[in-house]
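Derivation of every value follows stated rules applied to the coordinates shown; laboratory data play no part. As the structure is a computational prediction, the values presented were derived from the model and not from experiment. Glycine also receives a Cβ, built like all others from the backbone with ideal geometry; neighbour counts cover every protein chain displayed.
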Ligand code: MRU
């Protein structure tokens, strides 16, 4: 099984599988510095909200080990600088700042401790962030299974599987777990333009596990729903606002609108680390804008648009809470009104 993010045996590097190269080659790279961690997150070598958080936790630990400082104040100033730098890699998934803030709180609490104890506390914290995600994904997978039945067709968008998290994943968790238990589910994976996480990663993960998966272009979601082949939509999330508005991969809100039209339940699955009660609504969620080259050129043998044509390339969109049937976390299946169920 591919290990997407882990700490090296000597604790000096984060080892990630380069998701940009999947499914054609499985290559692992080592990240030692804040610059390397930033680069890996920005270029989606590691991606998926929980995996970004896990990588950032390990990453700030590795870079903290290399900080040379005479005093805690000097150490902490450099630590904060690196933390803010890594945090600036991508704005939408709250798990990045969530994990870095956890690491920061641990560092701040060790002001009067010797360096060895400070580093040991940081190592415990980043390992805990990873371990907790494994536990949360298992619980999300179990909870997600309660809303589907054997034989169902499930449509998913982007990739919220083991590569994006740990173990089963979030949106793919119930599908992988259900398959292990003998359920016959039929999954439709949107290819997810422009970076093709659905084609390159979701189809790869499900196919490798033996799940019945059919890859479709994003603009084919409507026809498979109209054909009656989809009984539920399962998607992940990058940030859930206090009212239930949910940022996820660009195109997710379109899937939700289609699902509403066809009367298909639309489920968001994610760990509580993705819920941001500081954001009142989706309007408060920062949306990442990315390079036009991802639309014009990437993955094509030759450019497929006029050189220099204007492009609008938001990496995420917000699905209005009114379109979401339930938000499934490790705590259970949260139903509307989300302002109340999320607060609880
Ligand atoms: O740009 P990406 O590939 O990091 O976007 C990933 C998604 O939108 C996922 O659905 C989300 O992070 C949830 S992963 C469990």
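Based on DSSP, what percent of beta bridges with both residues in the chain are antiparallel, to the nearest 5? Working shown, then result.
Working: 17 of 37 bridges.
Around 45 percent of the beta bridges assigned by DSSP in the chain are antiparallel ones.
Once you put a point 7 Å from the Cα of residue 212 and another 7 Å from the Cα of residue 1, both along the Cβ direction, what distance in nm separates them?
It is 2.4 nm.
Among bridges DSSP assigns within the range 146-343, what percent are antiparallel (round to 5)? Could the numbers behind the result be given before it?
Values: 10 of 30 bridges.
If I count the DSSP bridges inside the range 146-343, around 35 percent turn out antiparallel.
Can you compute the helix-only [θ] at 222 nm over the chain? Use -39500 (n - 2.57) per DSSP H run of at least 4 residues, normalise by all residues, nearest 500 deg cm²/dmol.
On the way: 11 runs with 131 residues, N = 344.
Rounded to the nearest 500, the figure is -12000 deg cm²/dmol.
Pairing the Cα long axis of helix 72-87 with the longest principal axis of the chain, what angle in degrees results, from 0 to 90 and rounded to the nearest 10?
The two axes meet at around 20 degrees.
If one takes the longest principal axis of the Cα atoms in the chain, at what angle in degrees, from 0 to 90 and to the nearest 10, does the Cα axis of helix 252-262 lie?
30
Any idea what angle helix 49-65 forms with the longest principal axis of the chain, computed on alpha-carbon atoms, 0 to 90 degrees, nearest 10?
10
Decide, for the chain, between rounded, prolate and oblate: order the square roots of the alpha carbon gyration tensor eigenvalues as a ≥ b ≥ c, take rounded if a/c falls under 1.5, and otherwise choose prolate if a/b is larger than b/c, else oblate.
It is prolate, given that a/c is not under 1.5 and a/b is the larger ratio.
Please give, to one decimal in nm, the separation of the simple spin-label points placed at residue 85 and residue 304, each 7 Å out from Cα toward the Cβ.
Label at residue 85, label at residue 304, 3.7 nm between them.
So for the pair residue 115, residue 340, with labels modelled 7 Å out along Cα→Cβ, what separation do we get in nm?
So the two model labels end up 5.5 nm from each other.
Report the full-extension gain for the segment residue 229 to residue 30: residue separation times 0.36 nm, less the Cα-Cα distance, to one decimal in nm.
67.4 nm
Quick one: grab the alpha carbon gyration tensor of the range 146-343, order the square roots of its eigenvalues as a ≥ b ≥ c, and give me rounded if a/c is under 1.5, else prolate or oblate depending on whether a/b is larger than b/c.
The shape class here is oblate.
Just to confirm my numbers, what's the Cα centroid distance between the range 96-118 and the range 2-44 in Å?
Taking the Cα centre of the range 2-44 as reference, the centre of the range 96-118 is 23 Å away.
Rg(Cα) of the range 246-318 divided by 2.2 N^0.38 Å?
1.42
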